[in-house]
Amino acid sequence: AKLDHVSEESIRLLVDSFYERVRRDPILAPIFLRAIPGDWQPHLTKMYAFWSSVMLTTGRYKGNPVVKHLAIPDMQPSLFERWLALFNETCDELFDAGSSEAFRGKAVRIAESLKLALFYRPDR
Ligand code: HEM
């Protein structure tokens with residue numbers, strides 16, 4: 001049966017499963033594995049807090065995703081499509097339609113604002 005509500009526990013399942021996919025993905029894996037060559041648990045734990053803040057408004061995440069992503073070599077706008085495709089697949093696999101759509105809607109908007117912050121340069 002699919003998960004029917006968003007909770008800290010279901011967020012952990014989603015994050016673990018999503019980054020399993022990322023690590024197996026031929027396009028995204030090299031970028032992620034260069035940035036996180038060792039233990040993935042600190043990243044996963046941070047992402048539990050991030051999605052908890054986004055979906056449950058717990059304020060558990062403190063950080064600056066724009067600065068972090070600016071520091072990643074080989075970021076390209078097209079990678080966001082790949083990221084979102086994997087995220088959507090993971091959400092649909094684990095959650096019922098309503099919860100999946102709630103995650104996906106947030107992810108699309110955050111991806112859009114990250115992309116603008118990273119790639120929109122008014123002086124070029
Ligand atoms: C962190 C890659 C899109 C949210 C990271 C890190 C990598 C990465 C490699 C680890 C950085 C580090 O610890 O040094 C990417 C790539 C993306 C992408 C390649 C797509 C092209 C997104 C999207 C979201 C997101 C769409 C949100 C919906 C985060 C957050 C962190 C993070 C919250 C933790 C930042 C911190 O350390 O506080 N990302 N990311 N990322 N990513 Fe992404």
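The values are calculated or read from the model by the stated rules, or taken from the named source; none is laboratory data. Quick caveat, the model's predicted, so the values are computed rather than measured. Virtual Cβ from ideal backbone geometry, glycine too; neighbours counted across all protein chains shown. These area figures cover heavy atoms from the full protein model, side chains too; ligands, DNA and RNA do not enter into them. Shrake-Rupley method; radii C 1.70, N 1.55, O 1.52, S 1.80 Å.
Restricting attention to the chain, the count of lysine pairs at 8 or more positions apart or across chains with alpha carbons under 21 Å apart stands at 10. Once neighbouring chains are kept in place and the probe is 1.4 Å, which whole percent of the accessible area of segment 8-119 is contributed by carbon and sulfur? About 59 percent, which is the carbon plus sulfur part of the accessible surface.
What you get for the chain, charging only the Cβ of Lys and Arg (+1) and of Asp and Glu (-1), is a dipole of about 560 debye around the Cα centre.
Helices in the chain, meaning DSSP H runs of at least 4 residues, each add -39500 (n - 2.57). Divided by all residues, the mean residue ellipticity at 222 nm is -23000 deg cm²/dmol. For the set T57, T45, solvent exposure ranked by accessible area (probe 1.4 Å, protein chains only) runs largest to smallest as T57, T45.
From the C-alpha coordinates alone, can you work out the Kirkwood hydrodynamic radius of the chain, in Å?
15.2 Å
Residue order by solvent-accessible surface for S99, S78 is S78, S99, largest first, with ligands and nucleic acids left out and a 1.4 Å probe.
Using C-alpha pairs below 8 Å separated by at least 6 residues, the relative contact order for segment 1-91 is 37 percent. Annotation: M75 carries an accessible surface of approximately 50 Å², with a 1.4 Å probe and no ligand, DNA or RNA atoms counted. Here the spin labels are modelled as points 7 Å beyond Cα on the Cα-Cβ line, and at K106 and Q76 they lie 3.0 nm apart. Per residue, how much accessible surface does segment 8-119 expose to a 1.4 Å probe? Answer in Å², no decimals. For segment 8-119, the per-residue accessible area is 55 Å².
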